[in-house]
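Only one structure is covered here, and it is reproduced in the block below.
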Amino acid sequence: MNAAGDIAETLAKVLVCPRTYAPLTAHDGVLHEEQSGAAYPSNEHGYFDFTLNPEFYAMESTSEEYAVEQQSSWRRFYDEFLKPWLDREGGRRVLEVGCGLGLGIRYFAEDGYEAFGLDIPCLAKFWAKAGNDPRCFVNGDGAAMPFPDGYFDAVYTLGTIEHIGTKVGHYTLADNYLDTRRAFARELVRVTKPGGRILVTCPNKSFPIDIHHEPTDAATPAGTMRFRRYFFDCFGMTLHKPFGAYHLFSFGELRHLFCADAGAAGAEALPLRHYFAFKRTGSLGLLRGFKNLIVMYIEGMPPLLRRSCFNPFLVVEIRR
C-alpha cells in the first residue's frame with residue numbers, strides 16, 4: 001500500500017462524511033461514503049479535502065509574512081497559554097478549527113495528544129512546506145466538519161470566528177452571515193463531548209477600537225469608509241460602532257450564538273494573561289507609548305470587566 005493509502009486507512013478509522021456524518025471507508029487512497037457515493041481524495045499537497053463550499057477555494061487566509069511571524073512566537077503561546085488551558089481538565093483529544101499553519105496541533109501531536117487541525121484549502125501548501133502530518137490535518141469547512149459527534153475533549157478556534165459568514169473571508173458580511181455563523185457554532189458544539197470545552201477568541205465588538213483588522217476588504221463598496229481607512233493608515237487602529245451588524249462579536253453575542261442557538265451549557269470570559277504571546281496586535285499607533293500599561297490592564301482585568309465594553313479582546317470558554 002502507498003503512503004496515500006496508509007493515510008486514508010488511518011483517517012477512515014476516525015473521520016466521517018461531512019454531508020451525512022456516516023462512516024468512511026478507504027479504497028485506493030480515497031475516502032468514500034458508500035451510501036451517498038461521496039468520495040474525498042487527497043489534494044496535490046497530500047492532505048484530504050472535505051471542503052463542500054466552492055467559494056473557499058478562492059480564499060486566502062494567511063501570507064508568507066504572517067507565516068514567519070507565527071513560526072517565531074507560537075511555541076511560547078503553546079507553552080504558556082494553550083497547553084495549560086487543555087491540561088486544566090486533562091483532555092487528550094483536541095481539534096483546532098481555523099488552524100492556520102497548524103503549529104499548535106503539531107506541538108500537541110509531538111506531546112502525545114490525539115490532535116487534528118482543520119482549515120480551508122489554501123493552507124495545504126503551507127502545511128506541506130512545514131512537513132505537517134497528513135494524518136493530523138484536513139482541509140474543510142468549520143460549518144460542515146468530517147468528525148464524529150462528541151469526539152473531542154476540547155476544541156479551539158483563535159481569531160477565526162469573526163471571519164465566518166463574510167464575503168471574502170475578511171470583513172464584509174454576506175447576506176446569510178447569521179445562518180453561516182449558527183452552522184459553525186453548531187458544528188463546534190456537535191464534535192465536542194458532553195462536558196467538554198470550546199475556546200473561542202476574537203476582538204470585542206463592544207470595544208470601539210480594533211487593532212487586529214483593517215476597516216475594508218475587497219468586498220467593501222468603493223467610496224465608503226474613507227475616514228476609517230485614513231485613520232487606520234495613519235494610526236494602525238480601526239474605529240467601529242460597538243453595536244449592530246458587524247463582523248466582530250460581543251461577549252453576549254458569542255454566548256447567545258453557542259448557548260441559545262447551538263445548545264451549549266454556558267460561557268465564561270477567561271483572563272487574557274499569556275494569550276498575546278503570539279497574537280498580532282497591529283501597529284498600536286497612538287497607543288504604542290502606553291504599551292506596558294495596556295498589557296498590565298488587559299492581563300489584570302477583573303472578571304466582571306472581561307465581558308464588558310472595557311475589554312478590547314475576548315477569550316471565551318464555552319462549556320458543552
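The values are calculated or read from the model by the stated rules, or taken from the named source; none is laboratory data. In this text the structure is predicted, and so the values were computed from the model without any measurement. As a convention, Cβ positions derive from the backbone with ideal geometry for all residues, glycine included, and neighbour counts pool all protein chains shown.
In the set (1) touching a Phe, Trp or Tyr at 6+ places or on another chain (Cβ under 7 Å); (2) at negative phi, the condition left unmet by D153 is number (1).
Being surrounded by fewer than 19 Cβ atoms within 10 Å (Cβ to Cβ), small (G, A, S) and more than 19 Å from L24 (Cα to Cα) holds for only one residue in A128, A154, and it is A128. Within region 266-280, can one find any residue that is more than 26 Å from P215 (Cβ to Cβ), among the basic types (K, R) and either at pLDDT 85 or above or outside any helix (DSSP H, G or I) (or both)? Yes - at least one qualifying residue is present in region 266-280.
Tallying residues that are more than 18 Å from A128 (Cβ to Cβ) and either among the aromatic types (F, W, Y) or modelled with pLDDT under 95 (or both) within region 4-18 yields 1. The single condition from (1) outside any helix (DSSP H, G or I); (2) hydrophobic (A, V, I, L, M, F, W, C); (3) more than 21 Å from L82 (Cα to Cα) that V200 fails is (3).
Mind checking which residues of region 207-258 are under 15 Å from L178 (Cα atoms), hydrophobic (A, V, I, L, M, F, W, C) and either in contact with a helix residue (DSSP H, G or I) (Cβ under 6 Å, 6 or more places away or on another chain) or not in a loop (DSSP other than H, G, I, E, B) (or both)? Residues satisfying the conditions are L248, F249, L254, L257, F258.
From the list V168, V200, which one is in contact (Cβ under 8 Å) with a residue 40 or more places away in the chain, surrounded by fewer than 18 Cβ atoms within 10 Å (Cβ to Cβ) and of a type in the set (V, I, T)? Being in contact (Cβ under 8 Å) with a residue 40 or more places away in the chain, surrounded by fewer than 18 Cβ atoms within 10 Å (Cβ to Cβ) and of a type in the set (V, I, T) holds for just one of V168, V200, which is V168.
The single residue among E44, E9 that is charged (D, E, K, R), surrounded by fewer than 18 Cβ atoms within 10 Å (Cβ to Cβ), within 21 Å of C136 (Cβ to Cβ) and more than 25 Å from the chain's Cα centre (by Cα) turns out to be E9. Of the residues making up region 28-44, those that are out of contact with any strand residue (DSSP E or B) (no Cβ under 9 Å at 6 or more places or on another chain) and either closer than 21 Å to K129 by Cα or not small (G, A, S) (or both) number 3.
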